[in-house]
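Coordinate-derived values only; no laboratory data. Here the structure is a predicted model, which is why all the values come from computation and not from measurement. Cβ coordinates were reconstructed from backbone atoms using ideal geometry, including for glycine residues, and neighbour counts include every protein chain displayed.
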Amino acid sequence: MKEALFYKQLTDSKVQCVLCPWNCKIVPGKVGICGARKNIEGKLYSLIYAKVASMAVDPIEKKPLYHFHPGTKALSVGTYGCNMHCGHCQNWQIAHVKEIERQTGEDVSPARLVEMARETGSAGIAWTYNEPTLWFEYAYEGAMLAKKAGLYTVWVTNGYINLEALDMMGPYLDAYRVDVKGFSEDFYFKLTGVRDFKPVLAAAERAKKKWHMHVEIVTLVIPTMNDDEDQLKRLAHWIMDTLGKDTVWHLNRFFPCLEYQHLPPTPLPTLEKAKAIGLEAGLKNVYIGNIL
């Protein structure tokens, strides 16, 4: 375990985690909503520091990042937990795991992670598979070492992070591949448990404008949930107006999973319609994915 960054000590040995917008107040012996940060005798600790649950060498296009070092490979790592609770999560085995403290994983120090990236011929490191925000201490140290070693750094994220934490990571992060899952508070709440998705938008804008990260957006288009023209148009115009016409927007096909097995796969005409909406809004790089 490692003492966490971004928390406040309160009265009666309580703490408040301020890493993400949940801003959890945690009594001794308990964890926050993510399950990965625990109050131990009035101090907040990460339960997942250096604990790797999944690792692979992936083409960068698989993140997906289409306009960032194409043709290269990234050493991709993930751990346990998430600060959203999506009912369709493809990585639910690690993201939705209970009792994270008891989970086993390979201990990989930040320095060893950089060595492994070099040994595998990877051009960079991607923190992915689960939400890297709650792995902050590990990702931060690893990103600093990776940059010194000449490797690129990537977060594959849901974007639910407080700006102060993003600003600390900013100098060491090259690419920010973020899910903007829809453009409705009701939809976000139903899918993720998070009602206010404005912090996701604010973080993406901050990553692009303040830290000059390469930002690509992914939206999984789910039938009857976020495939209506109103949401798609508002999202497309937000990307265009806030992040710019060259920003990549990935429109991915949904397949039945977990709590949403009753829904059909996204019809291809729906994805084509969404792509047309993006192009009509002025975006130059709109891609349909997950169709094979």
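Going by how many other Cβ atoms sit within 10 Å of their own, how do C86, C257, C34 line up, fewest first?
Values: C86 24, C257 14, C34 27.
The order, fewest Cβ neighbours first, is C257, C86, C34.
How about the stretch 1-98: which trypsin sites (Lys or Arg not before Pro) there are in a DSSP loop, with at most 16 other Cβ atoms within 10 Å of their Cβ? Walk me through the numbers before you get to the answer.
Values: sites: K2, K8, K14, K25, K30, R37, K38, K43, K51, K62, K73, K98; in loops: K14, K30, K98.
In loop regions of the stretch 1-98 (DSSP not H, G, I, E or B), the sparsely surrounded trypsin sites (Lys or Arg not before Pro) are K14, K30, K98.
Where does helix 136-148 land angle-wise versus the long Cα axis of the chain, in degrees 0 to 90, nearest 10?
The angle comes out near 80 degrees.
Compute the long axis of helix 268-280 from its Cα atoms, compare it with the longest principal axis of the Cα atoms of the chain, and write down the angle in degrees, 0 to 90, nearest 10.
The angle comes out at about 90 degrees.
Fewest to most neighbouring Cβ within 10 Å: what's the order for T128, T242?
Result, fewest neighbours first: T242, T128.
Using only DSSP helix segments of four residues or longer, with each worth -39500 (n - 2.57), what per-residue ellipticity at 222 nm results for the chain after dividing by its residue count and rounding to 500? Walk me through the numbers before you get to the answer.
Numbers: 8 runs with 77 residues, N = 292.
Value at 222 nm, helices only: -7500 deg cm²/dmol.
What's the exposure ranking of H96, H262, going from fewest to most Cβ atoms within 10 Å?
On the way: H96 17, H262 7.
Listing H96, H262 from fewest to most nearby Cβ atoms yields H262, H96.
For the stretch 2-46, report the translational diffusion coefficient in µm²/s to the nearest whole number, using Stokes-Einstein at 4 °C, 1.567 mPa s, and a Kirkwood Rh over Cα pairs. Walk me through the numbers before you get to the answer.
Details: Rh = 9.8 Å.
Approximately 132 µm²/s, per Stokes-Einstein.
Work out, step by step, the length gained on full extension between D167 and E115: first 0.36 nm times the residue separation, then minus their alpha carbon distance; give nm to one decimal. Could you put the intermediate results ahead of the total?
On the way: separation 52, 0.36 × 52 = 18.72 nm, distance 2.61 nm.
Value of the extension gain: 16.1 nm.
Not counting the cut sites, what is the longest span of the chain without GluC sites (Glu not before Pro) that DSSP labels loop and that have at most 12 other Cβ atoms within 10 Å?
Working: sites that count: E41, E99.
Longest stretch, sites excluded: 100-292.
Restricting to DSSP loop positions (anything but H, G, I, E, B) with no more than 14 other Cβ atoms inside 10 Å of their own Cβ, which trypsin sites (Lys or Arg not before Pro) remain in the stretch 184-263?
On the way: sites: K190, R195, R206, K208, K209, K210, K233, R234, K245, R253; in loops: R195, K210, K245.
For trypsin sites (Lys or Arg not before Pro) across the stretch 184-263 that sit outside H, G, I, E and B with at most 14 neighbouring Cβ atoms in 10 Å, the list reads R195, K210, K245.
If N is the number of residues in the stretch 183-292, what value comes out of its Cα radius of gyration divided by 2.2 N^0.38 Å? Present the calculation step by step, with values, prior to reporting the outcome.
Details: Rg = 13.9 Å, N = 110, 2.2 N^0.38 = 13.1 Å.
Expressed relative to 2.2 N^0.38 Å, the Cα Rg reads 1.06.
Lysines near K273 by alpha-carbon distance under 22 Å, same-chain residues fewer than 8 away left out - which ones?
Candidates past the 8-residue exclusion: K181, K233, K245, K284.
Tell me the relative contact order for the stretch 51-289 as a rounded percent, counting alpha carbon contacts under 8 Å between residues six or more apart. Please report the intermediate quantities before stating the final value.
Numbers: 459 pairs, mean separation 39.3, N = 239.
Taking the mean separation of contacting Cα pairs over the length of the stretch 51-289, I get 16 percent.
Over the stretch 97-165, what is the mean sequence separation of C-alpha contacts under 8 Å (at least six apart), divided by residue count, expressed as relative contact order in percent? The partial results should precede the final answer.
Details: 55 pairs, mean separation 24.4, N = 69.
The value is 35 percent.
What lysines does K2 reach when the alpha-carbon gap must be under 25 Å and sequence neighbours fewer than 8 apart in one chain are set aside?
Cross-link targets: K14, K25, K30, K38, K43, K51, K98, K147, K148.
For Cα pairs less than 8 Å apart in space and 6+ apart in sequence, what is the mean separation divided by the residue count of the stretch 2-46, i.e. the relative contact order in percent?
On the way: 91 pairs, mean separation 15.9, N = 45.
Worked out over the stretch 2-46, it gives 35 percent.
Tally Lys and Arg at +1 and Asp and Glu at -1 over the other residues with C-beta under 15 Å from the C-beta of G35: what net charge comes out? All intermediate terms of the calculation are to be shown ahead of the outcome.
Values: positive: K30, R37, K38, K51, K98, R102; negative: E99, E101, E131.
That works out to +3.
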